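The values are calculated or read from the model by the stated rules, or taken from the named source; none is laboratory data. Keep in mind that this is a model prediction, so the values were computed, not measured. Cβ coordinates were reconstructed from backbone atoms using ideal geometry, including for glycine residues, and neighbour counts include every protein chain displayed.
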Amino acid sequence: MAYYDSKAELDYVENPSHIKLEFVYDPNFKNNVNYSYTAVQIPTDIYKGVILNELNWTQALEKVFMENSQEDPSLLWQAFGSATGVTRYYPATPWKAPDKIDLYDVRRRPWYSLPLTIPVGFLRSGSVSGLTLKLIKASVMEMLDTLSDDDYVNVARFNEKAEAVVPCFKHLVQANVRNKKIFKDAVQQMQAKGTTDYKSGFHFAFNQLLNTNVPRANCNKIIMLFTDGGEDRAQDVFMQYNWPNKTVRVFTFSVGQHNYDVTPLQWIACTNKGYYFEIRSICAIRINTQEYLDVLGRPMVLAGSVAKQVQWTNVYQDALGLGMVVTGTLPVFNLTMDGNSQNQLILGVMGVDVHLDEIKRLTPRYNLGANGYIFAIDPNGYLLLHPNLQPKVVYGFLAVFASTDAGITRVFPNIAAESWDEDPEPFNTNYYRRSLDNKGYMFRAPSRSGKLAENGTVGILVSSAVEVNLGGKLLKPSVVGVKLDLEAWVDKFKILASNVSDSRQGDLLCYLIDDGGFLVMSNQRDHWKKIGLFFGDVDPYLMHALYNNSIFNRRQSYHFQSACEPVSSSHTGAAPRGIYVPSIADVLMFNFCTLDDVLVEGFEARESSCVTIQSQFYFTNTTNSYNVLQDCGNCSRWRIENTNLLFVVAETLPCIQEENPCEVLSNARYRKGPTSCFDFSALVSRCNIDTAFYLCLYPEHQQEIFSTEK
């Protein structure tokens, strides 16, 4: 059996079962594709020998995908994701793997999990320690990654008493990106103490699921218990809340290597229509924390054709580079017989992508009149289309320009030319003169009084002289350049910053400063309004350190014909002071002045003549980089070659103001719940026990508990 392994292009090894293809660029897919084959993507942690049968029977989909594409040429990616993790998609294209390990698994993608999931909630205990505690924390965080915006969840720790890991999350909350991050941060900080009482944990979980006064998924209800073992079966709690109807499934996870009796955990799962898993090591976490979805899919399989409903995902980023898409999905059931009973397995999910531009093209927006407009939202209230939802600048350029020695300046596009505020005569502009006098690219941030671009973004001017060698003479007939969109280039700047930072990258302040000491770019959003200011106004202490370490030098000049605003007279001294003595903080400012302190009382305040001192900063001839600057803690700087820029990295102060999750939670989001739910079937098979073993190093044991509604 031969197939195209999309990952083989990354590290191609001759293999008779692999096909090597040729590709052509297709603008519809924004990618190189091959229309003659499908491609197969296999997760990194899946042994290929296990899924050979899957590769064999899914080969027939290749012909179906081709026929669909011929019938409707506007179709984009067609894909099938199997329950074993194999993805077969059409047309074939090489897989885009990240720089690190490729952790893509179709079973964790929004378009796969949607037909199976409805909200979830978790509980976690705190009576274990050591490596097992770390293993449980990792399992909890992996479990959170299996949830989407359609799920509701809560996480709690318990010993003698149960409490939510996030104190203000007193009920199930939507499993969106923000809330999951808050959960993960809280789980990471948990510590073990006290003794474990399963009853307190299960009481907390059932009370969460029974609370109908808050938004929820209104479908599958799940409790998940992560532990290293225990003797308590909490039978009276289940009799009170769950029996005999058993509307809440309980999944139990035995974590770590230990000698505890796991029979109570198996009993809890089997008597509550759940499943028992063992997580012996770190390599078993990803597989076992997502197999509960197969159990939830059993009632859907038994429902037959009633459950064969096309569902649409929330908008998400396509993994193959197509951009923002929504996907129409349909579950694929195993219709074979398992002995005398029907098979209850979901084989996988079929999906077809639809780009947001295609949805916009099909809308009748031209029939709505001059004041009408179309917008689209998904069931969770996220915006898909709206006239005010403007796309970001793709390349980050606000304008491109060229200025010649003949006095002509050409600016593109035309809208940028209308707002061009530079002097029409190139020789009178500082960017033109500086580019002629220096080599490389000259960066100039907008002045404090400069105008913003029409869309409210800040433009950074970058210019360079064009050099022509004519008859042995070097001529510079023109200067060319661009105006960069600050917001679009900040992401690129963060990539540059990450090359010199460590795992604490989020705690670092990264700046680009020009040769005059003015701020050009920062990774801190609250500094964007300070772009173009003298760096001494932005961070005086850091500028002081740069000056003291001879990275910047200073030249002072006197202006004897300045006009200054009068200052109030001081009556605290016995005699007037005629000369103002500047402090080191004043040195870092643009200028300071000496004023005549004799003002007539009651006279109208007017500008008066004064003498000002202007301090100009410039780079020294030092080219070495300093790893530590004594006056600013752990700081470093680096001159960027062929530019007038200095790259400065410094640690942030320990005090920061974090977002209060409780304030955001107080305003509930509006969402449309599922139209149908398949959470129960009397024909579902009895509990199974998963005791799979994985070949890798095992950490020591620990325990934990979870509760969920899905």
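Considering only residues in region 274-289 that are crowded, with 23+ Cβ neighbours inside 10 Å and part of a loop (DSSP other than H, G, I, E, B), the one that is modelled with the lowest pLDDT turns out to be T289. Only one of the listed residues (S281, S200) is touching a residue at least 12 places away in the same chain (Cβ under 8 Å), closer than 23 Å to E160 by Cβ and assigned by TED's automatic domain parsing to the domain that holds E142. That residue is S200.
For residues in region 290-329 being over 26 Å from the mean Cα position of the chain (by Cα) and loosely packed, with under 14 Cβ neighbours inside 10 Å, which is nearest to Y25 (Cα to Cα)? Top of the filtered list is V310. Filtering region 383-432 to residues that are modelled with pLDDT of 85 or more and under 23 Å from the mean Cα position of the chain (by Cα) leaves L383, L384, L385, H386.
Residues to consider are G85, G81; find the one that is over 17 Å from L322 (Cβ atoms) and either touching a Ser or Thr at 6+ places or on another chain (Cβ under 8 Å) or surrounded by 17 or more Cβ atoms within 10 Å (Cβ to Cβ) (or both).
Answer to the check: G85.
Quick check, is T404 closer than 30 Å to K483 by Cα, β-branched (V, I, T) and crowded, with 17+ Cβ neighbours inside 10 Å? Answer is no for this residue.
Scanning region 293-336 for residues that are among the polar types (S, T, N, Q), in contact with a Leu (Cβ under 6 Å, 6 or more places away or on another chain) and either without any contact (Cβ under 8 Å) to a residue 60 or more places away in the chain or at positive phi (or both) yields one hit, N334.
Taking every residue in region 337-355 that is under 15 Å from S305 (Cα atoms) and assigned to a strand (DSSP E or B) and pairing it with any residue that is at pLDDT below 90 and of a type in the set (G, A, S), at least 6 positions away or on another chain, the pairs with Cβ-Cβ distances below 6 Å are I346/A83; I346/G297. With respect to being buried (at least 18 other Cβ atoms within 10 Å of the Cβ), of a type in the set (D, E, K, R), assigned by TED's automatic domain parsing to the domain that holds C219 and within 23 Å of N211 (Cα to Cα), K246 falls outside the description.
If the condition is being under 20 Å from A192 (Cα atoms) and crowded, with 24+ Cβ neighbours inside 10 Å, then region 144-161 contributes N154, V155, A156, R157, F158.
Looking only at region 413-432, residues that are of a type outside the set (A, V, I, L, M), touching a residue at least 12 places away in the same chain (Cβ under 8 Å) and in a helix (DSSP H, G or I) come to 5 in all. Of the residues K221, K193, K199, the single one that is of a type outside the set (A, V, I, L, M, F, W, C) and under 30 Å from I377 (Cβ atoms) is K221. Checking each residue in region 285-306 for being among the hydroxyl-bearing types (S, T, Y) and touching an Asp or Glu at 6+ places or on another chain (Cβ under 9 Å) picks out only T289. Test of understanding: among L76, L103, which residue is of a type outside the set (S, T, N, Q) and modelled with pLDDT of 90 or more? Just a single option satisfies the conditions, and that option is L76.
In this entry, K529 passes the filter for residues that are at pLDDT below 85, within 29 Å of A416 (Cα to Cα), over 20 Å from the mean Cα position of the chain (by Cα) and exposed (fewer than 15 other Cβ atoms within 10 Å of the Cβ).
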